[in-house]
Amino acid sequence: MPHPTPPPQGKPQLARALEKNDAIQDTVERSAQELDLVNTVLEKGIPAAVKTGDVAMALVKTVELEDQIQQSADELAHVNELLQQEITEREELEQKLRDAESEIAKKDSADRS
């Protein structure tokens, strides 16, 4: 059974996950905007008499897809907020731990004197 690869040094995994989610969110939002543009062009460029059957279904589907993509972008934004909160909380806890360790070291040093 292969061993998991340790994460590369540098940024914590949560920070890397947040960056990746930000990039995905940007892509999803651009896709929603492009789909909106395509839908607008199709709505304006196709005569009403032709907007029947498969063409009408395709136009409806593009609106539905645009809504789904936008909802996904909104959900990613929420996940990013949660990740950022977690990162902030961990950074604060890590600082408190360093401060506590420093206090213990100072106390140990004073006790030895």
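Any read-out appearing in this document is the output of simple, stated calculations on the displayed coordinates, not a laboratory observation. From a predicted model like this one, the values you see are computed outputs, not experimental measurements. Using ideal geometry, Cβ is built from the backbone for each residue, glycine included, and neighbour counts are taken over all protein chains shown.
The figures follow:
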| read-out | value |
| --- | --- |
| Between helix 53-112 and the chain: long-axis angle, C-alpha atoms, 0 to 90°, nearest 10 | 10 degrees |
| Proximal aspartates and glutamates to Lys20, defined as alpha-carbon separation beneath 16 angstrom and excluding residues fewer than eight positions away on the same chain | Glu29, Asp74, Glu75, Glu81, Glu86 |
| In the stretch 43-113, lysine pairs closer than 20 Å at Cα, eight or more apart or cross-chain | 4 |
| Cα shape, the stretch 18-65, gyration tensor, a/c 1.5 rule | prolate |
| Dipole of the chain [Lys/Arg +1, Asp/Glu -1 at C-beta], most positive-end residue of Gly53, Gln95, Leu65 | Gln95 |
| At 1.567 mPa s and 4 °C, Stokes diffusion of the chain via Kirkwood alpha-carbon radius, µm² per second | 69 µm²/s |
| Percent RCO, i.e. relative contact order, over the chain, from Cα pairs under 8 Å lying at least 6 residues apart | 40 percent |
